[in-house]
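Heads up, the thing below is written out as structure tokens.
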Protein chains: 2
Amino acid sequence: MSRYLELVGAGDVEGVLALFSDSASVEDPVGGPPGTHVVGLEAVATFFRNGFARSRPAPELSGPIVTTGGDEAAMLFTLRLELRGRLFELDVIDVVTFDADGRIASLRAFWNLDEARPC
Amino acid sequence: MSRYLELVGAGDVEGVLALFSDSASVEDPVGGPPGTHVVGLEAVATFFRNGFARSRPAPELSGPIVTTGGDEAAMLFTLRLELRGRLFELDVIDVVTFDADGRIASLRAFWNLDEARPC
């Protein structure tokens, strides 16, 4: 999960995609509009390529990575982003399920742009 | 969600249960052993009564409550607990789904006792 944040921060789409399983799903944000819940590595690839083309996210781990006895884990991080020329910080909680090979089977990102704060 | 932490901190089982829907499910911890995933308000009630009888948890919000455009939200908090006479802190990420009446339909708690730290 820390590697995921590193690669996102570096804008390394291929590196990010290598962390995901072929049948992976991404929901980013959770409860978001159509197009924010994608299933299958090809759709996940398009999702990240489009996202990285739009903005250069700079995530920083701002809380613990909380593992479990199962195949899921969760973490809190903070994203810096520019909106209409101003810099904002946004808290994100990612919940991740791993497959038997340790690849990401599903990633669900909890965030709400209404909760972004100027910085 | 902050009310949930307040009521847990106060040991107010009835107050906690009033936040949940009749068909609520609780998974605490996620990926835990049998008995830690309960479904239905009666089973949820037994789960909390047993838990509160064993220990007096003192949760403190240690990160943001992250809402979404859907019916789910997530938060980070820290639990103080005593294990074999020593005091530990444990990070927990709770993921909650709400029903149409704003009651908790499901609560999933991410934590791992292996990650508890002495304090």
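Here are a few things to note about the model shown:
- Members of segment A:22-45 found to be open to solvent by 40 Å² or more (accessible area, probe 1.4 Å), in contact with a strand residue (DSSP E or B) (Cβ under 8 Å, 6 or more places away or on another chain) and assigned to a strand (DSSP E or B), listed by number: A:23, A:37, A:39
- Of all residues in segment A:109-119, those that are open to solvent by 60 Å² or more (accessible area, probe 1.4 Å) and in a strand (DSSP E or B) total 2.
- Residue in segment B:87-95 that is open to solvent by 50 Å² or more (accessible area, probe 1.4 Å) and not hydrophobic (A, V, I, L, M, F, W, C) present: no
- Strands (runs of 3 or more DSSP E) fully within segment A:51-108 that include at least 1 residues being under 19 Å from residue B:66 (Cβ atoms), at the interface with chain B (Cβ under 7 Å from one of its Cβ atoms) and within 13 Å of the chain's Cα centre (by Cα): A:72-83, A:86-98.
- Every residue from segment A:18-50 that is over 12 Å from the mean Cα position of the chain (by Cα) and among the polar types (S, T, N, Q): A:21, A:23, A:46, A:50
- Residue tally, condition among the acidic types (Asp, Glu) and closer than 16 Å to residue A:110 by Cα, over segment A:1-55: 2
- Scanning segment B:6-17 for residues that are in a helix (DSSP H, G or I) and surrounded by 13 or more Cβ atoms within 10 Å (Cβ to Cβ), we see that the one that is nearest to the chain's Cα centre (by Cα) is B:8.
- The set of residues from segment B:57-92 being in contact with a Leu (Cβ under 9 Å, 6 or more places away or on another chain) and over 26 Å from residue A:30 (Cβ atoms) comprises B:57, B:58, B:80, B:81, B:83, B:87, B:88, B:89.
- When the criteria are applied in full, residue B:79 meets the requirement of being open to solvent by 20 Å² or more (accessible area, probe 1.4 Å) and touching a residue at least 24 places away in the same chain (Cβ under 8 Å).
The values are calculated or read from the model by the stated rules, or taken from the named source; none is laboratory data. Just so it is clear, the structure is predicted and the values come from calculations on it, not from any experiment. Every residue, glycine among them, receives a Cβ derived from its backbone with ideal geometry; neighbour counts consider all protein chains shown. Quick note on the areas: whole protein, heavy atoms, side chains included, nothing else; ligands and nucleic acids left out. Shrake-Rupley method; radii C 1.70, N 1.55, O 1.52, S 1.80 Å.
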